[in-house]
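Colleague: Sharing a structure below in structure tokens format, with a few things to ask.
The values are calculated or read from the model by the stated rules, or taken from the named source; none is laboratory data. Just so we're clear, the structure is a prediction, and the values are computed from it rather than from any experiment. For neighbour counting, all protein chains shown are included, and Cβ atoms are generated from backbone atoms with ideal geometry for every residue, glycine included. Side chains included, ligands, DNA and RNA excluded: accessible areas come from the protein's heavy atoms. Shrake-Rupley method; radii C 1.70, N 1.55, O 1.52, S 1.80 Å.
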Amino acid sequence: HIRRERPNTITKLKESGFTYAILFNVHVDPDGTLKTDGETICKNGEYVFAKTQPYYVEDVRALKTAPTSISRLEICIGGWGNDSYVNIKNLINSQGVGKTTMLYKNFKALLDAVPGIDAVNNDDEHSYDVSTATKFHVMMYDLGLKTTLAPYTNKNFWTQLASNINRQRPGAVDRVMIQCYDGGAGNNPINWVFSGITRHAGRTNYQTDMETSIKQMETWRDNGAATGGFVWVYNDETWDLNAWASAMNRTFIAREVKEEDIAGQAFSE
């Protein structure tokens, strides 16, 4: 949506009050090619997305350029019906994760071409292979990206994955975002235990009215179930990003802003 409706979506995100955004979705093909919405991002170790999306690098850079509320950007891999982690498993089992592999080359090409990405969000909903997922996220950390997890089921897989990655690269997994919608609608984030990792809980913008979702987030906060929240998904203009972000930032203390950080900048409420 941010590509289809640019530049208005970029401006709205910058002014929204949300502190991070996930750029959904990077699909990994069986040969390691990276795509999104059927368009090729990287192939054979080369960034080619500019051929169809000439403004993408500029837009991603703008999201974190002051004045903006966004300080963190992530790419997402996975989702329902997405076989990326099956392909990642097969690629790693056959090629490994070294610098000569297509998986490494294509992600390096992406990060070299699109600076400012901070993390990779794992939304694996099909493969659940701990060994290769661990190797993949260690590789991504070595390329400069932290890892966040977006589980809705299979607790044992996710806790083991987080533990394995952080054992090899301490602090690599720094946030878990529990899906409390759709397949995970019955989740209580307090039941998901990840030692030393920040836990956020998510709703969709269409799940209920905003007030009901915010009340649920307040309950999670008061019960110690979550220290942050997220909303899925910005894919239309039927909801008010700023209203949601303002309510969520009143619920969860997002961050402390020092006076010197905003000197000379003008913000409006």
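Colleague: Counting only residues that are open to solvent by less than 20 Å² (accessible area, probe 1.4 Å) and hydroxyl-bearing (Ser, Thr, Tyr), which one in the stretch 82-108 is farthest from Lys35 (Cα to Cα)?
Modeller: Only one residue tops the list, namely Thr101.
Colleague: Any residue in the stretch 122-148 that's without any contact (Cβ under 8 Å) to a residue 12 or more places away in the chain: show its pairings with residues that are basic (Lys, Arg) at Cβ separation under 9 Å, as long as the two are six or more apart or on different chains.
Modeller: Final answer for the pair search is Ser131/Lys89.
Colleague: Quick one: is Trp232 among the aromatic types (Phe, Trp, Tyr) and either open to solvent by less than 50 Å² (accessible area, probe 1.4 Å) or under 21 Å from Ser127 (Cα atoms) (or both)? Break it down stepwise before answering.
Modeller: Numbers: among the aromatic types (Phe, Trp, Tyr): yes; either open to solvent by less than 50 Å² (accessible area, probe 1.4 Å) or under 21 Å from Ser127 (Cα atoms) (or both): no.
Criteria not met by Trp232.
Colleague: Tell me yes or no: at least one residue of the stretch 62-78 is closer than 23 Å to Thr238 by Cβ and either charged (D, E, K, R) or surrounded by fewer than 18 Cβ atoms within 10 Å (Cβ to Cβ) (or both).
Modeller: Taking every residue of the stretch 62-78 in turn, none turns out to be closer than 23 Å to Thr238 by Cβ and either charged (D, E, K, R) or surrounded by fewer than 18 Cβ atoms within 10 Å (Cβ to Cβ) (or both).
Colleague: Name the residues in the stretch 217-229 that are open to solvent by less than 60 Å² (accessible area, probe 1.4 Å) and more than 20 Å from Thr159 (Cβ to Cβ), would you?
Modeller: Start the filter on the stretch 217-229 by keeping residues that are open to solvent by less than 60 Å² (accessible area, probe 1.4 Å), which leaves 217, 220, 224-226, 228-229.
Answer for the stretch 217-229, where residues must be open to solvent by less than 60 Å² (accessible area, probe 1.4 Å) and more than 20 Å from Thr159 (Cβ to Cβ): Met217, Gly229.
Colleague: Six or more apart or on different chains, Cβ under 7 Å: which pairs go from a residue in the stretch 169-182 that's touching a residue at least 12 places away in the same chain (Cβ under 8 Å) to one that's open to solvent by 40 Å² or more (accessible area, probe 1.4 Å) and in a loop (DSSP other than H, G, I, E, B)? Could you list them?
Modeller: As it stands, the answer is Gln179/Tyr152; Tyr181/Gln207, since those pairs meet every condition given.
Colleague: So which residues in the stretch 130-165 are open to solvent by 10 Å² or more (accessible area, probe 1.4 Å), in contact with an Asp or Glu (Cβ under 9 Å, 6 or more places away or on another chain) and either over 23 Å from Ala185 (Cα atoms) or at pLDDT below 95 (or both)?
Modeller: Once the filter is applied, which keeps residues that are open to solvent by 10 Å² or more (accessible area, probe 1.4 Å), in contact with an Asp or Glu (Cβ under 9 Å, 6 or more places away or on another chain) and either over 23 Å from Ala185 (Cα atoms) or at pLDDT below 95 (or both), the stretch 130-165 yields Gly144, Lys146.
Colleague: Need the failing condition index for Asn44 against (1) open to solvent by 30 Å² or more (accessible area, probe 1.4 Å); (2) free of Cβ contacts under 8 Å to residues at least 12 places away in the same chain, just the number.
Modeller: Result: Asn44 fails condition (2) only.
Colleague: With respect to Thr36, is the statement that it is open to solvent by less than 50 Å² (accessible area, probe 1.4 Å) and free of Cβ contacts under 8 Å to residues at least 40 places away in the same chain true?
Modeller: yes
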